[in-house]
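Shown next, in structure tokens, is the structure this report addresses.
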Amino acid sequence: MGGGLSMAEELFRMEGISKSFPGVKALDHVHLDVNKGEVLGLVGENGAGKSTLMKILSGVYHADEGEIFIEGQRVKIDSVAKAHELGISIIMQELNMCGHLSVADNIFIGRAHKKGIFIDDAKMHQEAQKILDDLGIDLDTHTRVGDLSVAKQQMVEIAKAISFHSKILVLDEPTATLTEREIDQLFEIIRRLQDKGVGMVYISHRMAELERICERASIIRDGQYIGTVSLKEVTMDELVNMIVGRPLDDKYPKHIRTIGDIALEGYNIHRGSKVNVDGFYVRKGEILGISGLVGAGRTELMRCVFGADRPDSMELYMDGKPVQVNSVIQAINHGIGYATEDRKRDGLALGLDIQYNTNMAHLQQLSRWGFLNDKKGAENAQKYVDLLRTKTPSIHQLCGNLSGGNQQKVVLAKWLCNDIKVLIVDEPTRGIDVGAKYEVYELFNRLSDQGVAIIMISSELPEILGMSDRILVIHEGSVNGELEAKKATQEQILYLAAGYNKLEGKPAPSLPKPQGLKKKIS
């Protein structure tokens, strides 16, 4: 086929792909096809089988059934090395870099250029620079990778993939930790790869990104192929319905909360230059949204409240009575739980099973005379798997093998079994799909019905507005304003997050005064 690349020119396809693991059928006769120079969106809920399918394509797993064709030729991919030989590379969400080595060393790791028995360092850096220049990536090949931002490290991973002469590239949630500017840079690199005829599979939960970078999207649900659609011909709501298999009338479940007395209030909370809060409160049955720009001090404030960081000063009251929280153990004993932003690093022991992770903050209640009652622990873990509808073959499944949404459910189960009064959730739906998000929101509503006070830190403004009763906006460590969620707008939140009401000549939006404080803020 002459005359340049045609979007109809098939690059590869996967047909009838099936894969089972003990206790679960991960894929059931799934189909996927990608054209040359195309970015195909691959969408589905967490646990739908997207990553399993891509691991089969990249040689990490072997399919039980099915065939793979590249440019019309049937191929057998039985190892990662074979996938590389066929021009297939995958860039996972967790980057696989050697931080102590240079950019060039990482691009050619295990394949260093040699002159006789010696490494030809000059040639390796020259080749690395050429790849970076071709992709429009402005990086010094001598820079230590550990000193680069996550976005730059991702670009090095893409350069490494291209060094294998990859014509098929899989990008798994590539923008999860990137800023808007970094996302624009990534998309520019993707467009350059398209121009070179590289076909890409783009896994993402972010619908707005799919519209920007993809023309088609393939949907997988519960391990089955649902279909492939043109994104110009379907609405985002229709796509979401295909993903979850049921209509989500609203992204945020409609709910009327009964809000009670103040559950937790804090005053004079200071920690260095990061936290400088005169006071805040949250009521029983209320969801208090905490908004602000990245680095504003939202997480740092709540780490002080939870006892994870030692503040310079802090006064806490629960049910109107003063409490001491100098450690995480004290916070837990007072009925405070904290689902952290980085569930994989701080929230879970990934190498241990669901049963252990569910019970890890509850061991005292499951023990007698220093011995753990394993039967009670198993019953407790199973109770929360059923309650939260966690997708798993059993409570003995390792948490590292669960999807992001199901990992988050285990994190929440850990705190729910502790009879908590206040639940702090930090970026509770980051990296999980729309269906799992809806289930998390419904859970928050059920908890609020039980009188639990929820403090929700989120960078997603629609989420803050859709789920909160009140919103505190943090700027440079301080509360810069309070908004009633029903009357608030994204513009107001951004206005306060940027600190404008602190700048001379920039009036702040009209803010309601906090009601019901039991103690004057000094």
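The values are calculated or read from the model by the stated rules, or taken from the named source; none is laboratory data. Please read these numbers as outputs of a predicted model, since none were measured by experiment. So basically every Cβ, Gly included, is an ideal-geometry build from the backbone, and we count neighbours across all protein chains shown. Just the protein is used for accessible areas: all its heavy atoms, side chains included, with ligands, DNA and RNA removed. Shrake-Rupley method; radii C 1.70, N 1.55, O 1.52, S 1.80 Å.
Looking at region 384-423, which of the residues that are of a type in the set (Lys, Arg) and touching a Ser or Thr at 6+ places or on another chain (Cβ under 8 Å) is surrounded by the fewest Cβ atoms within 10 Å (Cβ to Cβ)? First the steps, then the outcome.
Narrowing region 384-423 to residues of a type in the set (Lys, Arg): 389, 391, 409, 414, 421.
Pick out the ones that are also touching a Ser or Thr at 6+ places or on another chain (Cβ under 8 Å) and you get 391, 409, 414.
Working: Lys391: 19, Lys409: 29, Lys414: 21.
The qualifying residue surrounded by the fewest Cβ atoms within 10 Å (Cβ to Cβ) is Lys391.
Among the residues of region 262-316, which ones are assigned to a loop (DSSP other than H, G, I, E, B), touching a Lys or Arg at 6+ places or on another chain (Cβ under 6 Å) and under 24 Å from Ala488 (Cα atoms)?
Filtering region 262-316 for residues assigned to a loop (DSSP other than H, G, I, E, B) gives 272-274, 284-286, 293-297, 306-312.
Applying the additional criterion that residues be touching a Lys or Arg at 6+ places or on another chain (Cβ under 6 Å) yields 285, 297, 309, 311-312.
Across region 262-316, the qualifying residues are Gly285, Gly297.
Pairs only if they're at least six apart or on different chains, beta carbon under 7 angstrom, first in region 261-290 and within 14 Å of Val305 (Cα to Cα), second open to solvent by less than 50 Å² (accessible area, probe 1.4 Å) and of a type in the set (Lys, Arg); list them, first residue then second.
Every condition considered, the pairs that remain are Ile290/Arg298.
Condition first: more than 30 Å from Val75 (Cα to Cα) and in a loop (DSSP other than H, G, I, E, B). Can you find one or more residues in region 157-169 that meet it? Break it down stepwise before answering.
First, the residues of region 157-169 that are more than 30 Å from Val75 (Cα to Cα): none.
Checked against the condition, which is being more than 30 Å from Val75 (Cα to Cα) and in a loop (DSSP other than H, G, I, E, B), region 157-169 yields no hits at all.
So, of the residues in region 122-136 that are open to solvent by 10 Å² or more (accessible area, probe 1.4 Å) and touching a residue at least 40 places away in the same chain (Cβ under 8 Å), which turns out to be farthest from Arg181 (Cα to Cα)? Working first, answer last.
Residues of region 122-136 open to solvent by 10 Å² or more (accessible area, probe 1.4 Å): 122-123, 125-127, 129-131, 133-134, 136.
So of that shortlist, the ones also touching a residue at least 40 places away in the same chain (Cβ under 8 Å) come out as 134, 136.
Numbers: Asp134: 20, Gly136: 15 Å.
Applying the filter and picking the extreme gives Asp134.
Does Ala381 satisfy the criteria of being assigned to a helix (DSSP H, G or I), open to solvent by less than 60 Å² (accessible area, probe 1.4 Å) and either touching a Phe, Trp or Tyr at 6+ places or on another chain (Cβ under 9 Å) or modelled with pLDDT under 85 (or both)? Let's see the steps before the verdict.
Working: assigned to a helix (DSSP H, G or I): yes; open to solvent by less than 60 Å² (accessible area, probe 1.4 Å): yes; either touching a Phe, Trp or Tyr at 6+ places or on another chain (Cβ under 9 Å) or modelled with pLDDT under 85 (or both): yes.
Spelling it out, Ala381 is indeed assigned to a helix (DSSP H, G or I), open to solvent by less than 60 Å² (accessible area, probe 1.4 Å) and either touching a Phe, Trp or Tyr at 6+ places or on another chain (Cβ under 9 Å) or modelled with pLDDT under 85 (or both).
Taking region 335-355 only, how many residues are buried (at least 19 other Cβ atoms within 10 Å of the Cβ) and either at pLDDT 80 or above or in a helix (DSSP H, G or I) (or both)?
Number of matching residues: 11.
Which condition number in (1) over 19 Å from Val39 (Cα atoms); (2) touching a Ser or Thr at 6+ places or on another chain (Cβ under 7 Å); (3) open to solvent by less than 20 Å² (accessible area, probe 1.4 Å); (4) modelled with pLDDT under 80 is the one that Ala161 fails?
Answer for Ala161: the failing condition is (1).
Looking at region 230-268, which of its residues are open to solvent by less than 20 Å² (accessible area, probe 1.4 Å) and over 23 Å from Glu484 (Cα atoms)?
Those that are open to solvent by less than 20 Å² (accessible area, probe 1.4 Å) and over 23 Å from Glu484 (Cα atoms): Leu231, Leu239, Val240, Ile243, Val244.
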